[in-house]
Amino acid sequence: MERNQARVIVVSLTSTLAAISIGYLGVQFFGKNAMYMIATGMFGLGTGGSIGQILVEKRQQRVVQTQLRQ
């Protein structure tokens, strides 16, 4: 597994756990509707970050250098 893939997985898991935690706190303090709004926002941020990282990796192209035979 490449280093960037591991980073994307860790960020995605962290974002999911943060969404669950913030959603729980939201329901305790603000009510059910606030929980849904906060959890949806956190899920969207996590998804957007993951997709953005994948797009950046696809744009990067590896350069292969060849040596000429003499």
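Worth a mention:
- Residues that are surrounded by 15 or more Cβ atoms within 10 Å (Cβ to Cβ) and at pLDDT below 80, drawn from segment 36-45: Ile38, Ala39, Met42
- Hits in segment 25-34 - residues which are assigned to a helix (DSSP H, G or I) and either surrounded by fewer than 16 Cβ atoms within 10 Å (Cβ to Cβ) or of a type in the set (A, V, I, L, M, F, W, C) (or both): Leu25, Val27, Gln28, Phe29, Lys32, Asn33, Ala34
- For segment 1-30, a residue qualifies if it is touching a residue at least 24 places away in the same chain (Cβ under 8 Å) and hydrophobic (A, V, I, L, M, F, W, C), and the qualifying residues are Val8, Val11, Ala18, Ala19.
- Residues being among the hydrophobic types (A, V, I, L, M, F, W, C) and more than 17 Å from Thr47 (Cα to Cα) - total across segment 16-35: 6
- Residue that is modelled with the lowest pLDDT, among those in segment 1-24 that are charged (D, E, K, R) and either assigned to a helix (DSSP H, G or I) or more than 22 Å from Val56 (Cα to Cα) (or both): Arg3
- Check on Leu68, modelled with pLDDT under 80, exposed (fewer than 12 other Cβ atoms within 10 Å of the Cβ) and either in a loop (DSSP other than H, G, I, E, B) or more than 20 Å from the chain's Cα centre (by Cα) (or both): yes
The values are calculated or read from the model by the stated rules, or taken from the named source; none is laboratory data. Computed from a predicted model, the values in this text were never measured in an experiment. Positions of Cβ are generated from backbone atoms using ideal geometry, with glycine treated the same way; all protein chains shown enter the neighbour counts.
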